[in-house]
Structures are given as C-alpha cells and as structure tokens.
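Contents: one structure, followed by commentary.
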Amino acid sequence: VAAMQAYQGVPRDAHANYNGNQLLYFCWDQHLLFAAPFILYVSPEMRLGDLIAGQLGALLSPDPDASKINWAEVKWSKGKQAWQPDFNLSLAENGIRHKDQLRMQTPGLNTLVPTA
C-alpha cells in the first residue's frame, strides 16, 4: 500500500488512555483450553499474589490442571526472558509494565500431551 501523504497513527491502547491502570497479557504454555493469551485490565499497584489468587485464578479454573498447579515450581517469563516474580510485591515493583506479557510453564502439567 502506498500512502498519498504521511500517515500518523494514534494508538488507542496507549497507557495514557487507561486512567492509571494498564493492560497485561498472560499465557499458560502448553494449555490450549485457552486459545490466546488473556488480556487483563489491572492496577500497577495490585500485589502480584492478589492477581493470581483472584482474577487470574478464576480465569484458569476451567482447566483440569488448574487445581494441580504448584506455584513454587512454576517457571515464569516476562516477554521472552526468564523471570522470577515476587508475589508479595506489586506489579509495578515486579517491573511489570503496560502491555507486558507474562508466561508460565508448569512442569508435569501439560494438557497438550496427555500421559500414556
């Protein structure tokens, strides 16, 4: 496509449009009950542990493996980098910013490849 003039797009999902809150993408690897990452609307001041126990826990609960998660053994990544969260700190204190993606892997739990 060739533009007739300079194009200046204005992103509608800019952080400034969320009144101090932010978007957070979350994905549970190897669990395709969820076809795409969740998009959560969160306060950066929310404790990460509260997010997991509340909003995220409710979203994960339909998966048969959800009740088996050992949160101490979860392998986390933020974006494409390995990451170790502190559940007692806020999202902001954990360095989680607007539109970051958190991914978790749960060793031994994999609904994509059932055990034989």
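The values are calculated or read from the model by the stated rules, or taken from the named source; none is laboratory data. For clarity, every value in this text was computed on a predicted model and none was experimentally measured. Cβ coordinates were reconstructed from backbone atoms using ideal geometry, including for glycine residues, and neighbour counts include every protein chain displayed. For the accessible areas, the whole protein counts, side chains as well, though only heavy atoms, and no ligand, DNA or RNA atoms are used. Shrake-Rupley method; radii C 1.70, N 1.55, O 1.52, S 1.80 Å.
Cα-based Rg of the range 40-81 per 2.2 N^0.38 Å, rounded to two decimals? Provide the component values of the computation, followed by the final result.
Values: Rg = 11.5 Å, N = 42, 2.2 N^0.38 = 9.1 Å.
Dividing the Cα Rg of the range 40-81 by 2.2 N^0.38 Å gives 1.26.
The accessible surface of the chain, taken with every protein chain in place and a 1.4 Å probe, is 54 percent carbon and sulfur. Beta-bridge orientation, the range 1-101: approximately 80 percent antiparallel, per DSSP, counting only bridges with both partners inside. Comparing 25, 87, 59 along the charge dipole axis of the chain, the residue lying farthest to the positive side is 25, per the Cβ-charge model.
What would the Debye formula give as log10 I(q)/I(0) at q = 0.23 Å⁻¹ for the alpha-carbon point model of the range 1-95, no solvent? Treating every Cα as an identical point scatterer, log10 I(q)/I(0) equals -1.41. Ordered from highest to lowest accessible area with the whole protein assembly present and a 1.4 Å probe, 38, 26, 87 read as 87, 38, 26. Dipole check for the chain: with +1 at the C-beta of Lys and Arg, -1 at the C-beta of Asp and Glu, and the Cα centre as origin, the magnitude is about 280 Debye. Given a 1.4 angstrom probe, what's the average accessible area per residue across the chain, in square angstrom? The answer is 66 Å² per residue.
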